[in-house]
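Taking it in order: structure first as structure tokens, then the write-up.
Where a number appears in this text, it was derived from the coordinates with a stated rule and is not lab data. Quantities reported herein were computed from a predicted structural model and do not represent experimental measurements. Note: ideal-geometry Cβ built from the backbone for every residue, glycine included; neighbour counts use all protein chains shown.
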Amino acid sequence: MHRDKIHRLLAAYRAIDPEDQRRLVETQQFVERYPACFERELPVGHVTGSAWIVSPDRRQALLTHHRKLEMWVQLGGHADGDPDIFAVSLREGIEESGLTRLTPLSKNIFDISIHRIPANKDTPAHYHYDVRFIFEADPEEALVVSAESKALAWVPLERIHDFQVDASVLRMVRKTQQGQIPD
């Protein structure tokens with residue numbers, strides 16, 4: 001029952017290419033196989049929620065320099081048992097930015113990423129099945145850097161490749177520039 005909403009969201013997601021389809025299928029299989037998929041204590045991995053935050057003109061995105069990963073990424077984090085992954089991504093976007101007004105551009109999934117999280121002193125290596133939603137915010141609103149970040153920055157989309165980012169961030173840039181926002 002607690003996985004019904006994510007099953008519906010994943011079923012409605014439209015992959016943009018074969019690699020995106022592979023990520024979708026792997027995420028669906030993971031959610032189906034593990035009833036505790038939203039719990040960070042699940043040692044193989046867990047579903048996480050992210051907020052891809054863009055400016056109203058869709059020319060900038062808000063990135064965070066992640067303290068542990070040492071790279072620039074979208075805002076997001078653990079569900080901690082919450083099966084409403086949209087609400088998780090909204091909460092994480094607010095908590096990690098200090099923004100008070102995030103407007104969803106869609107309540108459907110914008111992007112899916114699967115990435116390996118390296119082991120650290122307390123946690124074995126595992127996977128994040130990251131479900132991402134797109135939001136709009138005012139770049140003039142004050143930002144507050146959280147303890148999980150070293151910095152926050154509004155970055156012009158055409159300059160994001162200058163930052164240390166992974167391929168999934170660049171994919172979200174392309175989707176934004178091409179207007180691939182779900183209904």
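Rounding to the nearest 20 debye, state how big the charge dipole of the chain is about its Cα centre with +1 on each Lys and Arg Cβ and -1 on each Asp and Glu Cβ.
Using Cβ point charges on Lys, Arg, Asp and Glu, the chain gives about 320 debye.
Calculate the spin-label point distance for ARG8 paired with GLU158, positioning each point 7 Å from the Cα along the beta-carbon direction, and give it in nanometres.
4.1
Order 31-44, 106-119 from most to least packed using the mean count of other Cβ atoms within 10 Å.
106-119, 31-44
What percent does the relative contact order of the chain come to when contacts are Cα pairs within less than 8 Å and at least six residues apart?
Computed over the chain, the figure is 26 percent.
Kindly work out what percent of the DSSP beta bridges joining two residues of the chain are antiparallel, to the nearest 5.
Roughly 70 percent of the beta bridges in the chain run antiparallel, per DSSP.
Helix-derived [θ] at 222 nm for the chain: sum -39500 (n - 2.57) over DSSP H runs of at least 4, divide by residue count, nearest 500?
It comes out at -8500 deg cm²/dmol, rounded to the nearest 500.
Under the Karplus relation 6.51 cos²θ - 1.76 cosθ + 1.60, θ = phi - 60°, what is the ordered set of whole-Hz ³J(HN,Hα) values for the stretch 62-75, x standing for Gly and Pro?
Rounded to whole hertz, the list is 8, 10, 10, 8, 5, 4, 7, 7, 6, 8, 8, 9, 6, 7.
Quick one: pull the percentage of alpha-carbon pairs in the stretch 4-177 with a separation above 20 Å.
Every Cα pair in the stretch 4-177 considered, those over 20 Å come to 49 percent.
Counting C-alpha atoms alone, how compact is the stretch 111-183: give Rg to one decimal and Dmax as a whole number, in angstrom.
Answer for the stretch 111-183, Rg first and Dmax second: 14.7, 42 Å.
Around GLU136, which amide H atoms from residues at least 5 apart in sequence, or from another chain, sit under 5 Å from its own amide H, with H modelled in the peptide plane?
When sequence neighbours closer than 5 places are left aside, the close amide H contacts are VAL54, THR103, LEU105.
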